[in-house]
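What follows is one structure encoded as structure tokens, with my remarks underneath.
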Amino acid sequence: MIKFLNNKLFRYLSVFLLLNSSILPVKSSSALAAWVINTNGVLELRTKSNTNLKAYFQKANQISGSRFWVDFPGELNTPRTVKGNGPIKEIRLGKPNKGKTRLVIEFKEETYLNPLTWRLVGLDQNRWRIKLFNPKYTFKKIGEGQVVKKIGNIKKNQKSIYKKKSDYQYLKLPDVKQNKFSVVIDPGHGGPDPGAIGIGGIRETDVVLEVSKIVKDLLTQKGVKVKLTRKNEVDLDLPPRVSFANNTDADIFVSIHANASRGKRRDINGLETFYYRGWRGRLLAKKIQKQILRVSPGSPDRGVKQGRFYVIKNTRMPAVLVEIGFLTGRLDARRLEKTTHRKRLAYAIAKGILEYLYRIG
Ligand SMILES: [Zn+2]
């Protein structure tokens, strides 16, 4: 029986299925053009443009080790088995039924896999990637064909390499001990208090709530317990945010805000992270600040500072308050408007938090 152990993976796939609506005729040749599993555990695929992919995962049983497979439209000419190494036992290319191609990756028994964090990401019309295992396993690259097709136009080529790098960075969140840590994320403001209002009416409450929710998802996928002080547009005073965090015995508290400058000066942009006291708070602030700067090129580093904000002063655990940019600043506001940038910031905050948790063990 096929089990969808991974709802996340499945959900992402459904999205792609909607995007890639054209279907190849049954009789055509396989839509799989090339595949490679890199030493860092990332499987890359090249397919025909606008292909529908379906991916599955099945946990090890008496008959075989854990398996991940992808089904492609179009029939494979020559079914074959490729010997694996490291954590991978073998790779099989077959035709499960007429007009189809299946790529099966079978893992060795003792391999540690965390399919809940797996995501099949479409890089462009015909390229895909998914991270299957950690680089801690020694693994020699295996593949067939060229996943990245050489394009005559150099400019185009450079662009695709850049895209590839940045996409990969998002997937690369550090691993921490599962179910060990608990984090409270505090999306600033809410309800009748919209916080800062920026260029074009952009509201702090909306921006920080979306970012906070993505941070929560990312950390949850890494086995970290996360609680949000608010999940929607509610009015929440500062003391209940603090008592909530103190009562949950969280390891850390992260309050997320966006800035506004006095006089709404468009030339003021930048990111800053505050802590109140202690080396842990400072370390957490530094880790987060470093990551959010990386995804906000050109926006000034206003630094890691001590601040006396109520929520970080009165929480008992290491606590920070992050300002992810100026809604009144020309550069920051234009970015904060976009979900893509909010996602990048969320990844950055999650990465900073995970690096901190990893460090304090
Ligand atoms: Zn605020």
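The values are calculated or read from the model by the stated rules, or taken from the named source; none is laboratory data. Given the structure is predicted, the values throughout are model-derived calculations rather than measurements. Note that each Cβ is placed from the backbone with ideal geometry, even for glycine, and that neighbours are counted across all protein chains shown.
Things to note:
- First in segment 215-242 and under 19 Å from G188 (Cβ atoms), second anywhere and aliphatic (A, V, I, L, M) and surrounded by fewer than 16 Cβ atoms within 10 Å (Cβ to Cβ), Cβ under 7 Å, 6 or more apart: none
- Members of segment 252-268 that are under 16 Å from R334 (Cα atoms) and not basic (K, R): A258, N259, A260, S261, D267, I268
- Filter result for K131 (touching a helix residue (DSSP H, G or I) at 6+ places or on another chain (Cβ under 7 Å), under 13 Å from V42 (Cα atoms) and at pLDDT 85 or above): yes
- If you go through segment 101-128 and keep only what is at pLDDT below 90 and touching a Pro at 6+ places or on another chain (Cβ under 9 Å), you end up with E110, T111, Y112, L113.
- Condition check for N259: modelled with pLDDT of 95 or more and within 13 Å of the ligand (Cβ to nearest atom): yes
- Within segment 192-234, the residues that satisfy the criterion of being small (G, A, S), outside any helix (DSSP H, G or I) and in contact with a helix residue (DSSP H, G or I) (Cβ under 8 Å, 6 or more places away or on another chain) are G195, A196, G198.
- Looking across segment 84-140, the residues that are farther than 16 Å from W69 by Cα and charged (D, E, K, R) come down to K98, E109, E110, D124, R127, K136, K140.
- When S212 is tested against the conditions (1) away from the ligand (no atom under 16 Å from the Cβ); (2) of a type in the set (S, T, N, Q); (3) under 19 Å from the mean Cα position of the chain (by Cα), the lone failure is (1).
- Unique residue being within 14 Å of the ligand (Cβ to nearest atom), farther than 21 Å from N246 by Cβ and modelled with pLDDT of 95 or more when the list is L327, L345, L354, L321: L327
- Some residue of segment 331-338 being in the same structural domain as R266 (by TED's automatic domain parsing) and under 17 Å from the mean Cα position of the chain (by Cα): yes
- Of the residues examined, S166 is not one that is at pLDDT 95 or above and not aromatic (F, W, Y).
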